[in-house]
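Trainee: Supplied in structure tokens, the structure appears directly below.
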Amino acid sequence: MNNLLEVNKVVKQYGDYTALNEVSLNVPKGSIYGLLGPNGAGKTSLIRIINQITLPDSGEIILDGEKLQPKHIQHIGYLPEERGLYQSMKVGEQCLYLAQLKGLSKTEAKKQLEYWFDRLEIQGWWNKKIQELSKGMAQKIQFVVCVLHQPKLLILDEPFSGFDPVNANIIKDEILALKQKGTTILFSTHRMESVEELCDEIALIHQSNKLIEGKLNDVKRQFRTNSYEVGILTSDVEGLMFAITQKFTVSPAHFKSLNNELKLEINIGDATPNELLNLLVYKGQVTHFVEKIPSVNDIFIQTVSK
Amino acid sequence: MSIISLIIKREFISKVRNKSFVVMTFLSPLLFVAVTVFISYLSSMKADTKRIAIHDASGVFVHELVAQNHKDGEYKYVDLSLIDVLYLKDSIANQSYEGLLLIPDEGDATTFENKIQFIANTSPSISFIENVQDVIGKKITQLNLQKAHLDTLAIRNAQSHVVLNLAKISGEETVKGLNEIKIFIGGAFGYLVMMFIIMYGNMVMRSVIEEKTNRIIEIIISSVKPFHLMIGKIVGTSLAGILQFLIWSILGLSIITFASYFLGVNVGPTARISPEMMSQGQNEFVSTVQMYILEIWNLPIASILLGFIVYFVGGYFLYSSFYAAIGAAVDNQTDSQQFLLPIIMPLVLSVYIGFFSVVNDPNGTIAVVFSMIPLTSPIVMLMRIPFGVPLWQIAISVTILFGTFFGVVWFAAKIYRVGILMYGKKPSWKELYRWLKYTG
């Protein structure tokens, strides 16, 4: 079994509104899977179905080879986008309570809690009330709560919102560490740079339909434009431009460099990079030659605005 | 430990630890005692003696009135018949008299029925007027009898005074005056149930709204079913209510027990006032208190307390299901008002029915019917219990109450489940109805 989570043709309607239209996903075991989509695309509806908060109208969910059922609750950890804690309850008690709701025994919950409090260096918070903590501190607690029961599947909905860069980094490291241990992570976000950084696989949902799914690199390959960013130092700009425009399409490029070179973005079409390179080397000193890889952001905007 | 008992435990602890719970539980009985003492102190306070000037030209009634002076101290009649009426009229106000009773001299005193005047700047109390009318009326009656040459002594001896002895079929004797205490106890408990339902129902609603506005609800319902959360919340909160009631009962019973020993009332099912205490010359107040405490012991205390718990739990379960659904439907407490009104109404209605119909006729049709209807039965039945209710009626009423609860909780859970995930808009009744039809 390669996929920890399979979503098969899930449909969910609210009255006349279709929130999910035959959406299927395959989330490989041990991967970080980015679930992307604009607001109102149906991400939260899907996440709620996976969490068994609501039921799909049709379609099925397979978790670890079994049809999704109530006992699976303890294998799933969920950090919702809109999250909070009981304001007047003490941190320790609250974490124990929430862990026990997930099916942990009290002693096991305590053990895990101590481990995480040590790890995140928040031992002193045990007897504090949530209302005494800052927003960022409370979010750390929320992260601990959703991983305490060592879920197989961890669903993170915008996990970095509200974190300062330092804490966001700590959480990012923890996510990567969990992945190392074999946890599968479903990661829903708008922040594309964290997708680039963390995700192995992505899926893009737009207007209740899944538009793209696959390994991050495969998707990028699919969206490659065969454009190259070129930096060249030359005394004969006119000759260079004439030679290039004969064969390729050219537009100005912007990238950082220390030289005062000519910066171009060149689309080579069906030609090979070597053909372009040969031409350039002949005309001047090449300082920069990089394939322009589409960012997730580009892919996102391109797909959604289609 | 099962999930529901975990939730119950958390809800119970969070309610009981709350400062306002502790304050309410221990401060309100003190407050109650303080208010009772204060009121009885106020009512026992002797008012200033008011002087009433009498100008009795006939001279027939003045002695009877002056004879009233040493009965209670409130009014003191002063015979000023020798002073000129006109002068009296002018001077009573300055002379700090409350008023002037003017009895004319027009021959036959038996024709004075409508001729006697009371002149004062302020309106006199009803009891004063009745007292004066009574004294003068009796005197005129006596004069009339004499005029007819009837033996007034023989007539007085011939008058009889009937006292009805009340008893139950089961053989226990009930004592006169018991009805007052039954009304009081029944009313107090009925009122208490209403208060508890509103108070603890509101607590459930607040806690649902809190979870919703906190957004912790998303985390919780990814672990537990909304239905379990709702039931756990309702039950946990009810336990806090029962605890509070038990503390109050223990406090109340110990006060009564203490008072009983202090005043020499034998405690227990065969409660009676011990003879040696009776024989002692004691003032009226102590013996009245003794009588009331005796009556309290003679009430079916166990049934009343048990009845309170059963009807509080049943009524509270029923109403708090509504409260939970409302809490789930709205985003903040101000939005809840339009939905709360229909809930408060039957509660208020049952208190009115209790105080008017039950008190009038505890086993009358209205009282019986409303002690069966589940929305009113917790209060109405509780008010009837001190008067004695057949067991089968209680059984039917409790069955209907809990049966309705199971029906209502099913509807409430549907609204609750949809509502807790809806943010930002205040739903209409129509919308709530639509939620009922949602699946999954």
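Each reported figure results from applying straightforward, stated rules to the coordinates on display, with no laboratory input. This structure is a prediction, so every number in the text was calculated from the model and none was measured. Because the Cβ atoms are built from the backbone with ideal geometry, glycine has one as well, and the counts that use them run over all protein chains shown.
Trainee: For chain A, modelled as a GNM with alpha-carbon contacts under 10 angstrom, which of A:S295, A:S251, A:S227 fluctuates the most?
Mentor: Taking springs between Cα atoms under 10 Å, the residue moving most is A:S251.
Trainee: Roughly what % of DSSP beta bridges within region A:3-221 run antiparallel, to the nearest 5? Kindly include the intermediate steps, with their values, before the conclusion.
Mentor: Numbers: 22 of 39 bridges.
Antiparallel: roughly 55 percent of the beta bridges in region A:3-221.
Trainee: May I ask for the equivalent-ellipsoid semi-axes of the protein assembly as shown, computed as the square root of five times each C-alpha gyration tensor eigenvalue and listed largest first in whole Å?
Mentor: 88, 30, 23
Trainee: Same structure again: I need the Debye-formula profile for region A:225-293: one equal scatterer per C-alpha, no solvent, reported as log10 I(q)/I(0) at q = 0.14, 0.20, 0.22 1/Å, two decimals.
Mentor: Each listed q corresponds, in turn, to -0.35, -0.74, -0.91.
Trainee: Assuming a ≥ b ≥ c are the square roots of the Cα gyration tensor eigenvalues, decide whether region A:1-41 counts as rounded (a/c under 1.5), prolate (otherwise, with a/b larger than b/c) or oblate. Show your work: numbers first, answer last.
Mentor: Working: a/c = 4.58, a/b = 1.82, b/c = 2.52.
Oblate is the answer for region A:1-41, as a/c is 1.5 or above yet b/c matches or exceeds a/b.
Trainee: Report, as a whole number in µm² per second, the diffusion coefficient that Stokes-Einstein gives for region B:323-372 at 10 °C and 1.306 mPa s using the Kirkwood radius over alpha carbon pairs.
Mentor: Numbers: Rh = 12.6 Å.
Here the translational diffusion coefficient equals 126 µm²/s.
Trainee: Which value results for Rg/Rh of region B:1-139 when Rg is the Cα radius of gyration and Rh the Kirkwood radius based on the inverse mean 1/r? Each step should come with its number before you reach the end.
Mentor: Numbers: Rg = 28.7 Å, Rh = 19.5 Å.
Taking Rh as the inverse mean 1/r over Cα pairs, Rg/Rh reads 1.47.
Trainee: With equal scatterers on the alpha carbons only and no solvent term, can you work out the Debye log10 of I(q)/I(0) for region B:1-66 at 0.23, 0.25, 0.28 1/Å?
Mentor: -0.98, -1.02, -1.09
Trainee: Next question, about the same structure. To check you understand DSSP bridge types, tell me what percent of the beta bridges within region B:50-158 (both residues inside) are antiparallel, rounded to 5.
Mentor: Numbers: 3 of 13 bridges.
Around 25 percent antiparallel, to the nearest 5.
Trainee: Normalise the Cα radius of gyration of region B:59-126 by 2.2 N^0.38 Å (N = residues in it) and let me know the number. Write down the numbers at each step before the final one.
Mentor: On the way: Rg = 12.5 Å, N = 68, 2.2 N^0.38 = 10.9 Å.
Against the compact-globule rule of thumb, the ratio is 1.15.
Trainee: Could I ask something else about it? Could you sort the peptides B:144-155, A:110-121, A:53-64 by per-residue average Cβ neighbour count (10 Å cutoff), highest mean leading? Intermediate values should be presented prior to the final figure.
Mentor: Details: B:144-155: 10.4, A:110-121: 15.0, A:53-64: 17.6.
Ranking the peptides B:144-155, A:110-121, A:53-64 by packing returns A:53-64, A:110-121, B:144-155.
Trainee: Shifting gears a bit: Based only on other Cβ atoms within 10 Å, what is the fewest-to-most ordering of B:M195, B:M372, B:M383?
Mentor: Working: B:M195 12, B:M372 16, B:M383 31.
The fewest-first ordering by Cβ neighbours comes to B:M195, B:M372, B:M383.
Trainee: Rounding to the nearest 10 and keeping the result within 0 to 90°, find how far the Cα-based axis of helix B:226-263 lies from the longest principal axis of chain B.
Mentor: Its long axis makes an angle of about 30 degrees.
Trainee: Determine the shielding of peptide A:90-98 by partner chains: average, over its residues, the number of Cβ atoms on other chains within 10 angstrom of each Cβ.
Mentor: Across the residues of A:90-98, the mean count of other-chain Cβ atoms within 10 Å is 2.
Trainee: Ok, one more. Once the mean 1/r over all distinct Cα pairs of region A:165-229 is inverted, what Kirkwood radius in angstroms do you read off? Kindly include the intermediate steps, with their values, before the conclusion.
Mentor: Details: mean 1/r = 0.0730 Å⁻¹.
Evaluated over region A:165-229, this radius sits at 13.7 Å.
Trainee: Sort B:205-212, A:69-76, B:310-317, B:115-122 by the packing proxy (mean of other Cβ within 10 Å over each peptide's residues), most packed first. Could the numbers behind the result be given before it?
Mentor: Numbers: B:205-212: 21.4, A:69-76: 15.8, B:310-317: 23.9, B:115-122: 13.0.
Final packing ranking: B:310-317, B:205-212, A:69-76, B:115-122.
Trainee: Which residues' amide hydrogens lie under 5 Å from the amide hydrogen of A:Q13, considering only partners 5 or more residues apart or on another chain, with H built in the peptide plane?
Mentor: Hits under the 5 Å cutoff: A:A19, A:D57.
Trainee: With only alpha-carbon atoms in the gyration tensor, what are the semi-axes of the equivalent ellipsoid for chain B, in Å, largest first?
Mentor: Details: eigenvalues 728, 145, 93 Å².
Taking √(5λ) for each eigenvalue gives 60, 27, 22 Å, largest first.
Trainee: Using the alpha-carbon atoms, what tilt in degrees (0 to 90, nearest 10) does helix B:178-214 show relative to the longest principal axis of chain B?
Mentor: 30
Trainee: Moving on to the next point. With +1 on each Lys and Arg Cβ and -1 on each Asp and Glu Cβ, how big is the dipole of region B:50-158 about its Cα centre, in debye rounded to the nearest 20?
Mentor: 200
Trainee: Counting pairwise Cα distances across region A:104-192, what percent come out greater than 15 angstrom? All intermediate terms of the calculation are to be shown ahead of the outcome.
Mentor: Values: 2423 of 3916 pairs.
The calculated P(r) of region A:104-192 puts 62 percent of pairs beyond 15 Å.
Trainee: Something else: Restricting things to alpha carbons, tell me how big chain A is in terms of Rg and Dmax, in Å.
Mentor: 24.3, 77
Trainee: Next up: Take the residue pairs B:K9/B:K437; A:K9/A:K210; A:K90/B:K19; A:K111/A:K152 and return only those whose Cα atoms are more than 21 Å apart. Mind showing how you got there, number by number?
Mentor: Values: B:K9/B:K437 32 Å; A:K9/A:K210 10 Å; A:K90/B:K19 15 Å; A:K111/A:K152 19 Å.
Where the Cα-Cα span goes over 21 Å, the pairs concerned are B:K9/B:K437.
Trainee: Average projected area of the Cα convex hull of region A:167-303, in nm²?
Mentor: Working: hull surface 44.8 nm².
So the Cα hull casts an average projection of 11.2 nm².
Trainee: Quick one: which residues, 5 or more positions from A:L154 or on another chain, have an amide H under 5 Å from its amide H? H modelled 1.01 Å from N in the peptide plane, none for Pro or chain starts.
Mentor: Amide H neighbours of A:L154, under 5 Å, 5+ apart: A:G77, A:T184, A:I185, A:L186.
Trainee: Quick one: Cα centre-to-centre distance for region B:80-100 and region B:178-206, in angstrom?
Mentor: 54
Trainee: If you don't mind, there's one more thing I want to ask. Could you name the lysines in cross-link range of B:K76, using Cα to Cα under 29 Å and dropping any fewer than eight places away on the same chain?
Mentor: Qualifying lysines at Cα under 29 Å: B:K46, B:K50, B:K89, B:K115, B:K138, B:K139.
Trainee: Based on the mean of other beta carbon atoms within 10 Å per residue, what is the order of A:191-199, B:237-245, most packed first?
Mentor: Numbers: A:191-199: 17.7, B:237-245: 20.2.
Descending mean neighbour count gives B:237-245, A:191-199.
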